[in-house]
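The values are calculated or read from the model by the stated rules, or taken from the named source; none is laboratory data. Owing to the predicted nature of the structure, the values given are computational and were not obtained by experimental measurement. Neighbour counts run over all protein chains shown; Cβ positions are idealised from the backbone, glycine included.
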Amino acid sequence: MEKQLMPQLDEQQCEKFRNILRKKAHLPGVLIGLLQEAQELFGYIPETIISEIAAATGVPSANIYGVITFYSQFRLQPMGRNVIRICEGTACHVNGAKGILQAIEDELSIGVGETTADGEFTLLSVACLGCCSLSPVIMINSETFGRLTPQKVRDILKQHRQRTA
């Protein structure tokens, strides 16, 4: 599977975050708040920012990575322009979500939690999308697609790529 290249960080965003660090790094229990602010600013938590947080707070980088990987709200990779959410709830599971997931992974050459090399798609698994009567279901951004088959999902992805090309 291809790994997406990390985008260059915007120097203005970096400076804004450094200002936040200068103001808050000394406060007790600030780590999660700093990580949330970093993710809000950059869309994910870049490695260089982790190093800066470690230097400013005295918390080892390994501990910071432990916090990031423990909480599902944090991302170490930028999200794609289009986020695909596949429902793996009971109704979708029973009606073939596994085959739909396999078709998406094959079509995009990524796994759950990954982003395509071109930055176009990120694939996420969710417990329920609340569309059980349409199972199996995916969402691409805010658009819902239901009663899927592996071929239908391949066609949807191809059409989506053509629309955004």
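Here's the yes/no breakdown for (1) within 30 Å of LEU134 (Cα to Cα); (2) loosely packed, with under 13 Cβ neighbours inside 10 Å; (3) under 21 Å from the mean Cα position of the chain (by Cα):
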residue	(1), (2), (3)
LYS24	no, no, no
GLU37	no, no, yes
PHE42	no, no, yes
GLU52	no, no, no
PRO60	no, yes, no
GLY66	no, yes, yes
THR69	no, yes, yes
ARG85	yes, no, yes
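Would you be able to say whether some residue in region 110-129 is more than 20 Å from ARG163 (Cα to Cα), modelled with pLDDT of 95 or more and either assigned by TED's automatic domain parsing to the domain that holds LYS16 or touching a helix residue (DSSP H, G or I) at 6+ places or on another chain (Cβ under 7 Å) (or both)? The answer is yes; a qualifying residue exists.
A residue that is under 29 Å from GLU37 (Cβ atoms) and among the basic types (Lys, Arg) can be found somewhere in region 74-81.
For region 119-139, enumerate the residues that are in a loop (DSSP other than H, G, I, E, B) and in contact (Cβ under 8 Å) with a residue 12 or more places away in the chain.
Filtering region 119-139 for residues in a loop (DSSP other than H, G, I, E, B) gives 119-120, 127-131, 135-137.
Across region 119-139, the qualifying residues are GLY119, GLU120, ALA127, CYS128, LEU129, CYS131, SER135, PRO136, VAL137.
From ARG147, ARG81, ARG154, grab the single residue that is out of contact with any strand residue (DSSP E or B) (no Cβ under 7 Å at 6 or more places or on another chain) and modelled with pLDDT under 95. Break it down stepwise before answering.
Numbers: ARG147 fails: modelled with pLDDT under 95; ARG154 fails: modelled with pLDDT under 95.
Answer to the selection: ARG81.
If you go through region 30-46 and keep only what is of a type outside the set (S, T, N, Q) and either modelled with pLDDT of 95 or more or in contact with a Phe, Trp or Tyr (Cβ under 6 Å, 6 or more places away or on another chain) (or both), you end up with VAL30, LEU31, ILE32, GLY33, LEU34, LEU35, GLU37, ALA38, LEU41, ILE45, PRO46. Out of the residues in region 140-165 that are among the small types (Gly, Ala, Ser) and closer than 20 Å to LEU129 by Cβ, state the one that is surrounded by the most Cβ atoms within 10 Å (Cβ to Cβ). Across region 140-165, the extreme among qualifying residues is GLY146. Here ALA25 fulfils each of the conditions (1) out of contact with any Ser or Thr (no Cβ under 6 Å at 6 or more places or on another chain); (2) of a type outside the set (S, T, N, Q); (3) over 30 Å from PHE121 (Cβ atoms) apart from (1).
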